[in-house]
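Read through the structure below, which is laid out as C-alpha cells, and then see the notes.
The values are calculated or read from the model by the stated rules, or taken from the named source; none is laboratory data. The structure presented is a predicted model; accordingly, all values stated were derived computationally and were not measured. Cβ placement follows ideal geometry from the backbone for every residue including glycine, while neighbour counts extend to all protein chains displayed. Keep in mind that these areas ignore ligands, DNA and RNA; they rest on the heavy atoms of the full protein, side chains included. Shrake-Rupley method; radii C 1.70, N 1.55, O 1.52, S 1.80 Å.
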Amino acid sequence: ATKVAPEQTYRPSPAPDRIILTWSGDPATTQAVTWRTDTSIEKGLAEIAPATDGPQFPKEAKQLPTATELLKSDINEAHYHSVAFTGLQPDTVYAYRVGDGLNWSEWNQFRTASAGPAPLEFIYVGDAQNDIFSMWSRVIREALLSAPRTRLIIHAGDLVNVGSADALWGEWHRAAGWLNQSVSSFPTPGNHEYPKRVFTAHWRKQFTLPENGVPGLEESNYYIDVQGVRMISINSNEKHREQAAWLDNLLGASSSRWVLITFHHPIFSTGKGRDNKDLRDLFQPIFD
C-alpha cells in the first residue's frame, strides 16, 4: 500500500470544491459564495432560485458570472471563484449551485437572515489547527447536531496550523464538508494565519467578506449586522491602535441591542507567558 500524498489528495480539478458561504453585505438580502477549481476553468458561474419542495425550482434559476482569482500555493495552482447574490428576500430559503456550465456542484440551500431582530443560533469554534480532518471533523459535525438550526459559524482564528499550507486548508474545508455550503462562516484570523508574520494569501481568495474595516485589513477586520446583532471581527495580529479607534467609533454609532466581538488573542489568558497586556490596555476600556 502507498500513502496518498497531500498534493494528490488536495489537487484541484474542473469540478468545484471548497465551496463556502460567507456574507459581504446585508445577511437579510445578500449571500456570498466562494469555491475552487483548477486553472482550466477560467470563469465560473453560479445559479440561484427560491427553493421549493419539488424539483422544478431550477426553471426559475438566475445565472450569474463570477470574479476569478489565481492562487499559487505551496503544492498547486488554482482558480478561486466568488459571487455575491443580491436582491434576496429576508428569511427565505434559496437553492444554489456553482460551476462552469458543464461541471456543476450539487444544489445547496441556505436561508437568508430575518430583516429585523430575531433569535440567533450559531456555532463558535476556535483553533481547529491540528489534526483537522481526522479530529476537528468530529467537533464541527457534533456542533451541528447540537445546534441544527444554526445560522452561522464563528471561527476565532488559527483555522489551520500553517496558513500557507494548501493541504491544511484542504483538510479544513473537507472536515466541515457540506456544512460550509449551507451555513455562513464568520472567520477571524489568528497568528497561524500569519506564517512568518505574513498574512496568508489563502484568506482573501477563499473567503468573500466585508471590506468595511481599517484600510489594509480588508476582510479580516470587518462587521455585519444580522438579526439585531452587530457582529465584529478584530484582527488581533496587527494595526491594533487603528482598529481600537475604528471600534470605538463603530460602537459609539451602533444602536444594536447586542454586540458580539471576536478576535484571536484574548485580553485575559490563563496561559503562562500569554498575558496580552498591550491588547488589554487598549481594548478593555472600549469594551467597558
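In the stretch 162-171, the residue that is most open to solvent (accessible area, probe 1.4 Å) out of those that are part of a loop (DSSP other than H, G, I, E, B) and aliphatic (A, V, I, L, M) is Val162.
Just so you know, in the stretch 1-13 the residues that are open to solvent by 40 Å² or more (accessible area, probe 1.4 Å) and in contact (Cβ under 8 Å) with a residue 12 or more places away in the chain include one that is nearest to Phe110 (Cα to Cα), and it is Ser13. In the stretch 113-150, the qualifying residues are those that are touching an Asp or Glu at 6+ places or on another chain (Cβ under 6 Å) and either part of a loop (DSSP other than H, G, I, E, B) or not β-branched (Val, Ile, Thr) (or both), and the one that is nearest to Asn221 (Cα to Cα) is Asp127. Here the stretch 91-106 is the region considered, the condition is being more than 16 Å from Ser13 (Cβ to Cβ) and open to solvent by 50 Å² or more (accessible area, probe 1.4 Å), and the residue that is nearest to the chain's Cα centre (by Cα) is Arg97. Does Glu69 meet the test of being among the acidic types (Asp, Glu), open to solvent by 30 Å² or more (accessible area, probe 1.4 Å), over 21 Å from the mean Cα position of the chain (by Cα) and within 17 Å of Val98 (Cβ to Cβ)? Spelling it out, it is not the case that Glu69 is among the acidic types (Asp, Glu), open to solvent by 30 Å² or more (accessible area, probe 1.4 Å), over 21 Å from the mean Cα position of the chain (by Cα) and within 17 Å of Val98 (Cβ to Cβ).
In this structure, is Gly54 small (Gly, Ala, Ser) and more than 28 Å from Thr9 (Cα to Cα)? Here the answer is yes, as Gly54 does meet what is asked. Search the stretch 14-47 for residues being among the hydroxyl-bearing types (Ser, Thr, Tyr) and over 22 Å from the mean Cα position of the chain (by Cα), and hand back the single one that is most open to solvent (accessible area, probe 1.4 Å). Here the residue is Ser40. Regarding Arg174, is this residue open to solvent by 20 Å² or more (accessible area, probe 1.4 Å) and assigned to a helix (DSSP H, G or I)? Here the answer is yes, as Arg174 does meet what is asked.
In the stretch 183-288, counting only helices (runs of 4 or more DSSP H) that sit wholly within it, the ones holding 1 or more residues that are open to solvent by 10 Å² or more (accessible area, probe 1.4 Å) and among the aromatic types (Phe, Trp, Tyr) span 240-252, 277-287.
Close contacts from the stretch 59-85, counting a first residue that is more than 23 Å from Thr9 (Cβ to Cβ) and at pLDDT 95 or above and a second that is acidic (Asp, Glu) and in a strand (DSSP E or B), with Cβ to Cβ under 6 Å and a gap of 6+ residues or different chains, come to Ala61/Glu47; Gln63/Glu47.
For the stretch 86-106, which positions are part of a strand (DSSP E or B) and over 14 Å from Ser182 (Cα atoms)? Selection gives Gly99, Trp104. In this structure, Gln109 does satisfy being open to solvent by 40 Å² or more (accessible area, probe 1.4 Å), part of a strand (DSSP E or B) and not hydroxyl-bearing (Ser, Thr, Tyr).
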